1. Output the peptides B:83-94, B:166-177, D:57-68 sorted from most to least packed, where packing is the average of other Cβ atoms within 10 Å over each peptide's residues.
2. Using a Förster radius of 30 Å, what is the FRET efficiency between C:K359 and C:R144 based on their Cβ-Cβ separation? Nearest 0.05, please.
3. Evaluate the relative contact order of the range C:319-474 (contact order divided by residue number), counting alpha-carbon pairs under 8 angstrom at least 6 apart; express in whole percent.
4. Would you be so kind as to identify which of D:A244, C:A392, D:M22 lies farthest towards the positive end of the dipole of the protein assembly as shown, taking Lys and Arg as +1 and Asp and Glu as -1 on Cβ and the Cα centre as origin?
5. Once Lys and Arg get +1 and Asp and Glu get -1 on their Cβ, which of C:T52, A:L130, C:M483 lies farthest toward the positive end of the dipole of the protein assembly as shown?
6. Report, in debye and to the nearest 20, how large the dipole of the range C:276-514 comes out about its Cα centre when Lys and Arg carry +1 and Asp and Glu carry -1 on their Cβ.
7. List the distances, in nm to one decimal, from the label point of B:R233 to the label points of the same position in every other copy, shortest first, placing each label point 7 Å from Cα along the Cα-to-Cβ direction.
8. Going 7 Å from the Cα of D:Q188 toward and past its Cβ, which residues in the range B:36-68 have a backbone nitrogen under 16 Å from where you end up?
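Just so it is clear, none of the values below were taken in a lab; they were calculated from the coordinates. The structure presented is a predicted model; accordingly, all values stated were derived computationally and were not measured. Positions of Cβ are backbone-derived with ideal geometry, glycine not excepted, and every protein chain shown enters the neighbour counts.
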Amino acid sequence: MAISNTQALGKSPKSGAFRFKLPAEARIFMVLLGVALVFELLGWLFVGQSFIANKERLIVMVLQVSVIGIIAVGVTQIIIMGGIDLSSGSVVALTAMVSASLAQTSDFARAVFPSLTDLPVIAPLAAGLLVGLVCGLINGAVIAKTAIPPFIATLGMMVTARGLAKWYTQGEPISMLSDHYAAIGAGINPIIIFLLTALAFHIILSYTRYGKYTYAIGANRAAARVAGINVNRHLILVYTVAGLLSGLAGVVTSARAVSGQAGMGMMYELDAIAAAVIGGTSLNGGLGKITGTVIGALILGTMTSGFTFLRIDAYYQEIVKGIIIVVAVVADQYRQRNRRS
Amino acid sequence: MAISNTQALGKSPKSGAFRFKLPAEARIFMVLLGVALVFELLGWLFVGQSFIANKERLIVMVLQVSVIGIIAVGVTQIIIMGGIDLSSGSVVALTAMVSASLAQTSDFARAVFPSLTDLPVIAPLAAGLLVGLVCGLINGAVIAKTAIPPFIATLGMMVTARGLAKWYTQGEPISMLSDHYAAIGAGINPIIIFLLTALAFHIILSYTRYGKYTYAIGANRAAARVAGINVNRHLILVYTVAGLLSGLAGVVTSARAVSGQAGMGMMYELDAIAAAVIGGTSLNGGLGKITGTVIGALILGTMTSGFTFLRIDAYYQEIVKGIIIVVAVVADQYRQRNRRS
Amino acid sequence: MLSLAPEKPKAAAPSHPPVNSETLLIEVEGVRKAFPGVVALDDVSFRLRAGTVHALMGENGAGKSTLMKILAGVYIPDQGVYRLHGRDIALTSPLDALENGIAMIHQELNLMPFMSIAENIWIRREPLNRFGLIDHARMYQMTRELFAQLAIDLDPEAKVASLSISSRQMVEIARAVSYNSDVLIMDEPTSALTEHEVAHLFRIVRMLREQGKGIIYITHKMNELFEIADEVSVFRDGHFIGCKRVEQLSHDEVIRMMVGREITEMFPKTIVPIGEVALEVEQLTLDGVFHDVSFSVRQGEILGVAGLIGSGRSNVAETLFGVSPASSGQIRINGQAVTVDSPRTAMQHGMAFLTEDRKDTGCFLNLSIQENMQISVLGGDNLKAGFVRQQALDEMCAAMSGTLRVKTPNLEERIENLSGGNQQKVLIGRWLLTNPKILILDEPTRGIDVGAKAEIHKLICKLAGQGVAVIMISSELPEVLGMSDRIMVMHEGRVTGIVDRADATQVSIMTLAAG
Amino acid sequence: AKLGVTMSAFDDNFLTVLRNNMKTYAGSQKGVDIQFEDAQNDVGRQLSQVQNFIAQKVDAIIVNVVDTDATPKITKLAQSAGIPLVYVNRMPADKTLPAKVAFVGSNEAESGTVQMKEVCRLMKGKGNIVVMMGDLANQAARQRTKDVEEVIAKAPCNGIRVVEKQTAKWSRTDGRDLMMNWLSAGLQFDAVVSNNDEMALGAIQALKSAKRLDKTIVAGVDATQDALTAMKNGELKVTVFQNAAGQGKGAVDTALKLSRGEKLPSMIWVPFELVTPANLKNYQSRN
Ligand SMILES: Nc1ncnc2c1ncn2[C@@H]1O[C@H](COP(=O)(O)OP(=O)(O)OP(=O)(O)O)[C@@H](O)[C@H]1O
Ligand SMILES: Nc1ncnc2c1ncn2[C@@H]1O[C@H](COP(=O)(O)OP(=O)(O)OP(=O)(O)O)[C@@H](O)[C@H]1O
Ligand SMILES: [Mg+2]
Ligand SMILES: [Mg+2]
C-alpha cells in the first residue's frame, strides 16, 4: 500500500512532472526583455534611434552593473542562506583603497608606501582579495559565534569598514596606478570578470555540497543542523566567500577608475540586494539562483542606460527607479502565483 | 565516565516563578550606563573634566538623536510587527522639503510658492505630517496588497522619495522660514517632541489592542490571521503610523536647520534601526519595547558626544561606532542568555 | 560510571527487565537537563537493546523529547552518563550522533521546504561524480530505490513544500531509515499519519527490528504501544518511572504509571439534547481542492470528520472559517445565509477554529502563554477607551489554564518553552475564551497525552452540553467513533457519506474513506 | 547640439546653483539640448554616465567630477570616442589636458586659502580656531582643510592654533550638534572655520543659543543665499564666492565651441572671490 501525496486535487501523482513550468529565471528574463522592449519602443517614438541595436550601449549596460553584479553573486548566496549583508559597499571602498595603495607606480612622488611601488599586479590583487576575505570572515564569525542578527553584524562592518577606508590615507584618494593594474578594469574586462564569477558560483551552488548546504540552511536552519550540517562553519564560509567577492569588486572598481577613493561603493550593498531580489532570491532564505541575480543586475543596468537614452531628468530617474524595483518584484510574484493555481 | 559531574543546581521545577528577572530594558540601560561611565573615566584621565556632570552636554546628547529617535519609535513598531523600513531617511527629506516650502516668509523674493507665504505654522506642520503619512500608507498598502518583502517595498520608497525630494525644487534648498516654524526645532523642543512621542507609543504598544496586535503579527502572521486579526489592515496602519512619525521627524529636522534640503536624513533609517535593535527589538519580530529604543538612541547619542569630548578623530569615531553597535547587541544577548540558564 | 547526583524520591521504584548487556545499544544514567525555570529531566536512566522496539510513554512535558534530543546530540545534558555499545561517549552535535549510528525523527518536522525530496533525504551524503560535482540523476535513482524498499510512492524530484504533512512525515521516515543507523529514534512519528500510513510504518519498523536495530518509539497512542513495542519505559515530570516488557503490562497499568492515578473513561461521551441547526453548508466548493461539500451540524451535536490524509478535511475547515474563502456554495448560520471571507467575519458569526498545525498557524512562539491565550478576545467588554483591560483578561486566562491544567511555572512564560501538548491546551483555551457557538477542531488531541486527552474530550462534551455545535476532524478513528454523534467521511475532496453514531464502525468508516 | 552633463551630486547647494545656471544658459542658446545626470558622489556611477553619453553620441560632455583623481580615465574615455569634454568647477588631475578637453572653474586650493587669510586678518594673526570639515571621503573637504592648515603654518598667521577639527558631514544640523558638543566640552576658540556655509550656519545657531556668537568669528565657503542673509545679520563674517553663473556659462560655451571644432585654451579660470560684510551687496543677488 503506497503513500501518495496527490490523492486529492484530482491530480495523477505524476502530473506535476509533465506540467509546463517556466523556471524562475526564465520569468525574470521576460521582465528584462520587457524593460528593454519598452525602451526600444519609446526610443523609436521619441529619440528616433534604436535602444538595443547599439553595440556601445549594450556594453555599457552590462559594464555599469559589473561591479554590483560581482557583489551580488556573493550577496545572493548570503540571502539564500537566510542572511543579509549591508557591508559590501564599504568593503569595496576599503579594498579599493588597500589594493590601490599597492598598485602605485614609482614615478609618483606622494605614494602611500613609497617603498612599495611598481609591485607586480598580483600583489595589489591578492591584498585586495585578502582584505575582502578578512572582512567577510569577521562578519561570518561574529554572526556564527554570537548569534546576533546578520543585519546588525554587517551594519557594524559597514560603518567600521567605511571608517577604515577613510582612515587608511586620511581620506586622501590614491592615484597613479600601474597600467597592469588599470588593465583589470579596462574595456570589457569587468564584464568578463563578472560573468566568469557568476558562472563559477552558478555551478558551485547547483552542483556541490557547498551549494546544497547553503540552500538547506536558508530553508530551515534547525533542520539543517539536525541533518548533521555544521551550520556555523558553513555560515562563516559563505560570508567569507561574499567578502572575497566584495574584495574582488573593490579591486575592479579601483582599477576601472584608476584610483582608490574612500567614498567608493557607497550604497552598492542596496543595489546588490536589489539585483538579487529582483532576480528572484527570497529574503526569507532557501530560494534563489545566480542566473536570476545576473538578470536582476542586467535589469538595473538596462534601466540606467534606458533613462539616459530617453533623456529623462535625473530626478525622474530616481523616482521611477524606486517604482520599477517594486513593480519588478510584484510582477514576478504575481506570475509565480498565477502559474501555481 | 560522567559527562559532567557538577552538582544539581537545587532548583525545583517551580523556582522559575520566584526567579529574579530583569526586564530587557533594564539590561540595555546598564549598557548605556556602562558606555557613559567609560567616557566619564576616560574624561577624568585624559580631558580632566566630567563627561556626565555637564548640563549642556547632557542636552546635546539627547538633542542630536531626537530626530533619529522619533523615526525609531515608528521603526520599532514596524520591526516588532516583523517588517523593516528603509525609507525613513528619504521620507524625512521629502517632508522637510514640503513643509519648509509652506513655512516661508513673504519677505523672501524667491519663495517656492510665492502665494503661499506667511501661512500659520499649522499649515507646514500638517502638510509635513500628511506627506509622511501618505508615504507610510503607500509602503503599507504595497506590502499588504502585494505581499512583497518590506525590504523591497521600502527600498523602492527610499529611492523614490529621495528622488521626489530632489525634484521638488530641482535640488534648490528652501530657506527663510518663519520664526514660528523655526520654534518647533528650537532649544530643547526636539527633545520634548521625541520623549512625548516615545511615551505615547510606549503606552499604546503596551496597553492597547493596537499594540497587542502588532506583537502578535510579528510573532506569527499566519496565526494572527487565524486568530481573527485583520492582518492587512493592521499592517497598513502600522506603516502609516511610522510614516507619520518620519514626517514629524522631517518637520523637526527642517525646523531645526531653519531650512529644507533634499540631502537631509541621509542614512537616518540605518541609525533608527540600529537604535531599535540595540534597544532589544528583534529583527525576527514579536519582541521589543519603545523604552528599549529610547535607550538605544541615547546610547548612540552618548557615543557621538563622548567621541567629540575625547577629541577622537572622525575616522576612529566611525571605526569604533561600528564596533560598538555590534558589541552592544552582543552584550545584550549574552546577558540575556546568562540570566536564562 | 559515576554519578554524584543525589537519589531523588520516586513515585515508583524504577525497575529494569533483566538484560544481556552484550545486546545493549544505549545506556544512559543519571541524566539531568534543566531549562530556564524548568527541570526537564532529573536523574533519568534508560536502556535500549538491539533488535527491540522500545516505546517511551509519558504525559506532555514528561521529558521524552528532551531525553531523545540528548541521545541524538541536539542537547548536551547538564549531567549524566551516556554509553553507546558499552563505551562512554559525549556527543556534541547531531552530526556526532549520526556518525555514531544514531538517527532521529523529530517531533517537529525538520525538512527544507524548497528543496526536492531527494535533496532532503541525501543532504550531506549526496553522490558525487568524478568531477566532484553532485550527480543528481544518481541521487534520484537512490531515492527511488529507497522508496521501493519502503514502498513509498512519492516523486523524488518533487519539492517538499508541495507535500502534505503526512507525506512530509514519510520523507522524514525515509531519511531516517536511509542513514542505516543502529539506533533509530522516532518521536511521535504517527501524529500526522492515518491508519493506512501507520500500518505501513509499522511494517518498516518490524523490518528494521529484524535487522537487529534498536528503535525508540514515542507515542501517545495506547493501541500502537501494544501493537509494535517490545519494551516500554515510562516517564513522569522529568523522572524515570519504570521499564517493563509490554507483555507484562495492561492498558490501565501503563496509564497509571504515566499519570499516577486511574483514568476510568477513555471517551467520556455524554448524550446531550440536540437543538436547532446551527450551521448548514451546501455545495461548498473550493476550486481544485474540494467539491460540493454539504452537511449540517446542530447545537449540542458533535460532528466527527474522518478521512484519509489529504482527503481535504482541513481545507473544508479552513474555508468554513474564512482562511481560504470558498469559490462557490452556501454557508448558513442559524438559518441565515452568510459570506465568510476572513477569520474575522467567521468569529463575528460565533465560530472558532483550532488549526491542525500549531507551530505554523497557532502559536505566537515568542509571546507569553497569557498573550497567546487572550489574543482573540481583545474587543468588546475587554476594551475600555481603546485600552485593554489587562487585569480582567489575566484573570480569565489564569482560570482557563487552571481548567485545562496547563503545566507551566507561570503564565508569563513564553509558549515556546511549553511541551507540545501544553501548547495545544493553551490554544484550545484561546478559542474557549471567545465563547463560540460553533467550534471547529482540527486534530484537537494530536500529540496530547492520554490524561490530557480525556480532559479535552470531557471539555468538548461539556461544551456540546451547553449547546455549542462542534465539528471535530480527527485522524484517530477511536476518537471519532467514541466522541461523535454523527461522522462525515471525506475522500479526495468529496463527502462520501455521513454516518450516525449507532451505525458507525471502524470498517464502515474506512470503507467510505477509501472511496 | 546635444550636451551631456554629469554632476557629482544633485543635493549639494552650490552645485545646484551651478547646474541651474548651466540649464538656464543652455536654454537661452538656440538648438542646444542639455541633459543632466546625478553621479550621487560615486566615481563608478560617473564613469558609467560618461560611457552612456558616449554610447548616446552626444556632441560634448560636461563633467563636474566626483573626485579629481579619476579624471585621467574619464579623459581617456572621451578622447578615444572623439567627443569633446569639459570639466567644470573641480580641476582635473591630468598633468596636461589633450585637445578637445578643457577645464572651466576655479582652483580649489584658493577657496580655503582666501577664507583663512581673511579670518587670520580678523584675528590679527593669533588665537584659537576650530575647523568644521565636510565628509572626509570628499575632496573639497580635504583640500579646504589643507588650505587652512597651510595658511596658519606661515607668517603672519602662525600665531593661530587649531584646537579641534572634526567632521559635520556638510550638514547644518550636524554642524549645530558638533558645535554644541564642543561648547559643552568648554572648548575655547576665537573663530570657526567651516568647509562650507551650511555647517557654518549650524555653528552660528549653536553659538547664538549659547550667547557666544558675538565673541566668535564664523567663516564659511560658497556664499549661499542663507549665508549671505546671515552675513547681512552680522552673524557670518567671512564666506567665499564661487561664480556659479560664470562657471555654468563658461562650461556650456566651451562645450559648444569645442563641439564646433574651435580651438580654445585648455584652462579657463573663474576665480574664487572673498565675501565680507564690506562687499556683501555686490553678491547678494548673484548666486
Ligand atoms: N528549549 C526549551 N526551553 C525551555 N523549556 C523547554 C525546552 N524544551 C523543553 N522544555 C520543557 O521541558 C519539559 C519537557 O519537554 P519535552 O518536550 O521533553 O516533553 P515531552 O515529554 O516530549 O512532551 P510532549 O509529549 O508534549 O511532546 C517541558 O516542561 C518543556 O516545557
Ligand atoms: N500548502 C499546500 N500546497 C500544496 N498542496 C497542499 C498544501 N496544503 C495542502 N495541500 C494539499 O491539499 C490536499 C488536502 O489537504 P488537507 O490538509 O485539507 O487534507 P486533510 O484531509 O486534512 O489531511 P491531513 O490529515 O493531512 O490534514 C492534500 O492533497 C494536500 O497535499
Ligand atoms: Mg515531545
Ligand atoms: Mg488535516
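1. Listed from highest to lowest mean packing, they are B:83-94, D:57-68, B:166-177.
2. Values: r = 31 Å, r/R0 = 1.03.
Approximately 0.45, to the nearest 0.05.
3. 25
4. In the protein assembly as shown, that residue is D:A244.
5. The Cα lying farthest towards the positive end belongs to A:L130.
6. Values: 21 positive and 28 negative charges, 99 e Å.
Approximately 480 debye in magnitude.
7. Output for B:R233: 5.3 nm, nearest copy listed first.
8. From the range B:36-68, the list is B:48-49.
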